[in-house]
Amino acid sequence: MMHVVLSGYYGFNNEGDEAILTAIIQSLREIKPDMEITVLSNDPASTAGKHQVQAVNRWKLKEVSNVLKISDGLISGGGSLLQDKTGMKSVPYYSGIMRIAKWHKKPVFIYSQGIGPVDHPLSKWIVKSTLNKVDQITVRDRDSQQLLTSLGLKQETVIVPDPVFGLDARTFSSKWVEDSDITGSFVTVSVRDWPSDQPFKERIAGCLDGLVRDGYSVVFVPFHGDEDYRSSNELVGLMDEDAYVMSADIPMEEKIAVIRESSLLIGMRLHSLIFASIVYTPFVAVSYDPKVDSFAKLMDQPVGGHVNHGDWDSGSLLEVVKGQLAVLDEVQELVKEKAVVQQAKARETAEMAIRVFE
């Protein structure tokens, strides 16, 4: 029986990363139903219960080393693991796990990662020297591929979709809208906190007020626990009109179902845009990171503004959103067309990983 270890940003109550984990496990087990999977998690008990896997504490390196030693190999990813934008610890940590696996002479598969930004010279050296020793590298966008080339990576890289495209969302359902007092069309919104000297939250709030005045309800969908729940309520506080905020602890599947029922999503978090795509809901991105711009370009959907740029306001964002809503059927068809291609490719990544371990 094949036994693989999964390393990523798991067990931190982040809906995007938990969706990645769900999708990778689902894709692997579709091919090998009896596969044994151990996840390195910040909350092993929760991860084991939620995903029906074994889990060990990602910080207990002796336990990590022991499980890698008895495994058939390591999957690192998906998500944005090798980057130093959020701090200097991510690159050494995830690279360190790969090095432990290689020390035990185990194959390492990089699973649809978004690489970068990698700005510090030490981070660049660690990424290059570690990835040159792994067995196969798959990345989720061209920017990641180009970054690795610029770092002097000799390894070939393959561009594959984000693992979440492998999720089968057809069975997801929610009674949340039914149980609320929403009538008619509504727009879903995903916001997060981000350091900026631009009043981007006020701009988004002004746009949403315009939509409410046009007859749309507005529903905030928090994707990273209490952090996004607070940001969502802060935005509601900046609005003149009323809006709804979903509870942070509603299961991911229900949140995706609510996005499917909405006319359009206005999203900051990358995985809110991916969730919209897998249920063929058009979106307008508000970008805080190049990965958001890359994904919007891939899906041929507009970016309404960047949180650190001053070249947009409530009015211009509202104009972009109304432009999408005016031709909703056409845009929906476009999103579906793009998403179907990604969904088919996403399943192939799991096959590539299994071939490395066989």
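The values are calculated or read from the model by the stated rules, or taken from the named source; none is laboratory data. Note that the structure is a prediction, hence the values are computed from the model and not measured. With ideal geometry, Cβ positions are generated from the backbone for all residues, glycine too; neighbour counts draw on all protein chains shown. Side chains included, ligands, DNA and RNA excluded: accessible areas come from the protein's heavy atoms. Shrake-Rupley method; radii C 1.70, N 1.55, O 1.52, S 1.80 Å.
Here are some notes:
- Filtered residues of segment 196-243 (kept if closer than 20 Å to residue 306 by Cα, under 21 Å from the mean Cα position of the chain (by Cα) and among the aromatic types (Phe, Trp, Tyr)): 220, 223
- Residues in segment 155-175 that are open to solvent by 40 Å² or more (accessible area, probe 1.4 Å), more than 30 Å from residue 307 (Cα to Cα) and either assigned to a loop (DSSP other than H, G, I, E, B) or in contact with a Lys or Arg (Cβ under 9 Å, 6 or more places away or on another chain) (or both): 155, 156, 168, 173, 175.
- The single residue among 143, 179 that is of a type outside the set (Val, Ile, Thr), open to solvent by 20 Å² or more (accessible area, probe 1.4 Å), out of contact with any Phe, Trp or Tyr (no Cβ under 6 Å at 6 or more places or on another chain) and free of Cβ contacts under 8 Å to residues at least 12 places away in the same chain turns out to be 179.
- For segment 224-235, the set of residues classified as open to solvent by less than 20 Å² (accessible area, probe 1.4 Å) and farther than 10 Å from residue 246 by Cα consists of 225, 228, 231, 235, listed by residue number.
- Selection within segment 311-331 - open to solvent by 80 Å² or more (accessible area, probe 1.4 Å) and assigned to a helix (DSSP H, G or I): 319, 322, 326, 329, 330
- Options 212, 187: the member that is modelled with pLDDT of 95 or more, open to solvent by 10 Å² or more (accessible area, probe 1.4 Å) and of a type in the set (Val, Ile, Thr): 212
- Checked against the criterion of being part of a strand (DSSP E or B) and either basic (Lys, Arg) or in contact (Cβ under 8 Å) with a residue 12 or more places away in the chain (or both), segment 9-32 has no qualifying residue.
- Just one of (1) out of contact with any Gly (no Cβ under 9 Å at 6 or more places or on another chain); (2) modelled with pLDDT of 95 or more fails for residue 253. It is (2).
- Residue 149 open to solvent by 20 Å² or more (accessible area, probe 1.4 Å), β-branched (Val, Ile, Thr) and farther than 25 Å from residue 34 by Cα: yes
- Positions within segment 333-358 being over 17 Å from residue 112 (Cβ atoms) and either open to solvent by less than 40 Å² (accessible area, probe 1.4 Å) or of a type in the set (Ser, Thr, Tyr) (or both), in sequence order: 335
- One residue stands out among those in segment 53-93 that are in a loop (DSSP other than H, G, I, E, B) and basic (Lys, Arg): the one that is least open to solvent (accessible area, probe 1.4 Å), which is 58.
- Some residue of segment 246-264 being among the polar types (S, T, N, Q) and in contact with a helix residue (DSSP H, G or I) (Cβ under 7 Å, 6 or more places away or on another chain): yes
- Every residue from segment 294-307 that is touching a strand residue (DSSP E or B) at 6+ places or on another chain (Cβ under 9 Å) and open to solvent by 30 Å² or more (accessible area, probe 1.4 Å): 297, 302, 303, 306
- Scanning segment 244-279 for residues that are under 16 Å from the mean Cα position of the chain (by Cα) and assigned to a loop (DSSP other than H, G, I, E, B) gives 251, 268, 269, 279.
- Close pairs (9 angstrom Cβ cut-off, 6 or more residues apart or separate chains): closer than 14 Å to residue 36 by Cα in segment 47-70, modelled with pLDDT of 95 or more and acidic (Asp, Glu) anywhere: 53/36; 54/36; 55/43; 56/63
- Sub-7 Å Cβ pairs linking a first residue in segment 228-252 that is in contact (Cβ under 8 Å) with a residue 24 or more places away in the chain to a second residue that is basic (Lys, Arg) and open to solvent by less than 70 Å² (accessible area, probe 1.4 Å), at least 6 apart or interchain, are 228/192; 231/192; 234/201; 235/201; 238/201; 246/255, ordered by first then second residue.
- Look at (1) surrounded by 13 or more Cβ atoms within 10 Å (Cβ to Cβ); (2) closer than 24 Å to residue 278 by Cβ; (3) at pLDDT below 95 and you find that residue 192 fails only one, number (3).
- The lone criterion from (1) under 28 Å from residue 4 (Cβ atoms); (2) touching a residue at least 24 places away in the same chain (Cβ under 8 Å) left unmet by residue 318 is number (1).
- Consider segment 97-136 and keep the residues that are within 26 Å of residue 358 (Cβ to Cβ) and of a type in the set (S, T, N, Q). The one that is surrounded by the fewest Cβ atoms within 10 Å (Cβ to Cβ) is 132.
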